[in-house]
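The block underneath contains the structure these notes are about, expressed in structure tokens.
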Amino acid sequence: MKSRNKNILTAIGIFVAAALVRTAFWAYKGTRVVGDSNRALSSCHALSTDPSLFFATEYLPYAGFEVPYCSFLVLTDGWIDGWVFIQLVLSSLGAVLLYFTARYFIGYTGGVVAGGSFVFLWETFRWFHRPQSEALFTFVMILTLWQLSRFHKESSRTNRVLLLSCFAWLATTRPNGIPIVVGYLLYDLLPIPSNRRLGFRSQKLSAIVAGLFSLVTVIFLSGYTGKHVGDKMRRGVAVTGKYVHDYTPTNADNIVFFVLFNLPDIAIMSAVKVFYFFVPVLPEWSLFHNIINVLTLFPLLVGSAIAVPSLVRNDRVLTRLWLTPVVMILLTVMATWMSGGMNFRAPATPVFALLTGYAIAEIQPFRNYILARVQ
């Protein structure tokens, strides 16, 4: 009973702290309808006049965000601040779900570190005051990680259905959710005796679902997004607004042959994208941006770097559950482009929080070093 009360009080404390931090940020910055937020509003207008557009390649990969968002605007007569408040609550709840996810696998200390660090992770939660898909996508990523822990604990039919529902929501909130889902489902294509499987039991089901998601990815990349990917690669844009690789491309009729003909330069751009993915500070950012990243993001990157080798050596379960999304996000970034606003990094940061919790709770030398500095 004491342990249960302790967990409840901790969860409440994390939620309240996260909500207060986000409310203070919202009060200072206000609601911002800029950039992709305007695109979302345009989508809502287009979809309200022709709902069948949801099945078009331009809209379907965002339906997990636009259906609830556009429906909310219709029901509330365009109350954007109300939607931002929902995103604030979900972002705060995400910190609580990270606490419970980490606590199940690595105990109370790891849970507090994971959930507590996410409370102050400004570079991730800053998206909530914009009515666009990044905030919801990050929450659904956390929800999926939490449901994966519940499914690992009890692979019941209910938990299986809930996990598949999380996968479906993740895959339709942003296009980069599809590779993450495919990455998880590929484990269940292994032979049934393998302990690396997620545990859906049916290889056929996993193969069908992974195949469908892969087909959607191919269609999307060859259509609407493919034009943007190809254009950026031809212009050498590796990180939008930040880095352009200077080279003379060899042109081709389609993106596949273009990549093959320009493979050395494509490899350089891919390496640059990965580098930027893990950079916490940049000279062109504001002083506040750099300072807050040094204080909140940089420690998680260090904790993750320390945790990964130990995790890969000692824990196949957590390697599979926690590292898969980061690997798939990096592969997606390498194949497309890295956003200059670092919004592509947002869904990976919950994993950074979990990995840092693991480093402090499970790796004794690192834990002792941290405790010595704190004391």
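Structure above, values below:
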read-out	value
Filter result for the condition that a residue is more than 30 Å from residue 247 (Cβ to Cβ) and among the hydrophobic types (A, V, I, L, M, F, W, C), over 330, 301, 287	287
Long-range neighbours under 6 Å by Cβ, at least six apart or interchain, first residue under 10 Å from residue 363 (Cα atoms) within the range 302-315, second open to solvent by less than 10 Å² (accessible area, probe 1.4 Å) and β-branched (Val, Ile, Thr)	none
Residue in the range 82-102 that is of a type in the set (Ser, Thr, Tyr) and open to solvent by 40 Å² or more (accessible area, probe 1.4 Å) present	no
Wholly within the range 136-228, helices (runs of 4 or more DSSP H) carrying at least 3 residues that are at pLDDT 80 or above	157-173, 177-185
Residue tally, condition touching a Gly at 6+ places or on another chain (Cβ under 6 Å), open to solvent by 20 Å² or more (accessible area, probe 1.4 Å) and under 22 Å from residue 62 (Cβ atoms), over the range 135-191	2
Any hit, the range 323-335, residues being at pLDDT 95 or above, open to solvent by 60 Å² or more (accessible area, probe 1.4 Å) and either of a type outside the set (Phe, Trp, Tyr) or closer than 19 Å to residue 124 by Cβ (or both)	yes
Given (1) open to solvent by less than 30 Å² (accessible area, probe 1.4 Å); (2) over 25 Å from residue 176 (Cα atoms); (3) not aliphatic (A, V, I, L, M), index of the condition residue 76 fails	(1)
Odd one out for residue 319 among (1) within 26 Å of residue 185 (Cβ to Cβ); (2) surrounded by 18 or more Cβ atoms within 10 Å (Cβ to Cβ); (3) of a type outside the set (D, E, K, R)	(2)
From 102, 95, residue being at pLDDT 95 or above, more than 15 Å from the chain's Cα centre (by Cα) and either part of a helix (DSSP H, G or I) or farther than 24 Å from residue 164 by Cβ (or both)	102
Subset of the range 35-65 (residues that are in contact (Cβ under 8 Å) with a residue 60 or more places away in the chain and either within 18 Å of residue 129 (Cα to Cα) or β-branched (Val, Ile, Thr) (or both))	35, 36, 37, 39, 40, 41, 57, 65
Pairs with Cβ under 8 Å, 6+ apart, first in the range 181-192 and in contact (Cβ under 8 Å) with a residue 40 or more places away in the chain, second basic (Lys, Arg) and open to solvent by 10 Å² or more (accessible area, probe 1.4 Å)	187/196; 187/197; 187/320
Some residue of the range 51-62 being in contact with a Gly (Cβ under 9 Å, 6 or more places away or on another chain), open to solvent by less than 10 Å² (accessible area, probe 1.4 Å), assigned to a helix (DSSP H, G or I) and closer than 30 Å to residue 300 by Cβ	yes
Search result, residues across the range 232-259 that are of a type in the set (Val, Ile, Thr), out of contact with any helix residue (DSSP H, G or I) (no Cβ under 7 Å at 6 or more places or on another chain), in a loop (DSSP other than H, G, I, E, B) and over 19 Å from residue 342 (Cβ atoms)	248
Filter result for the condition that a residue is of a type in the set (Ser, Thr, Tyr) and out of contact with any helix residue (DSSP H, G or I) (no Cβ under 9 Å at 6 or more places or on another chain), over 286, 310, 304, 270	286
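The values are calculated or read from the model by the stated rules, or taken from the named source; none is laboratory data. A quick note: this is a predicted structure, and the numbers were derived from the prediction, not measured. No Cβ is skipped: glycine too gets one built from the backbone with ideal geometry, and neighbour counts run over all protein chains shown. SASA here: full protein model, heavy atoms, side chains in, ligands and nucleic acids out. Shrake-Rupley method; radii C 1.70, N 1.55, O 1.52, S 1.80 Å.
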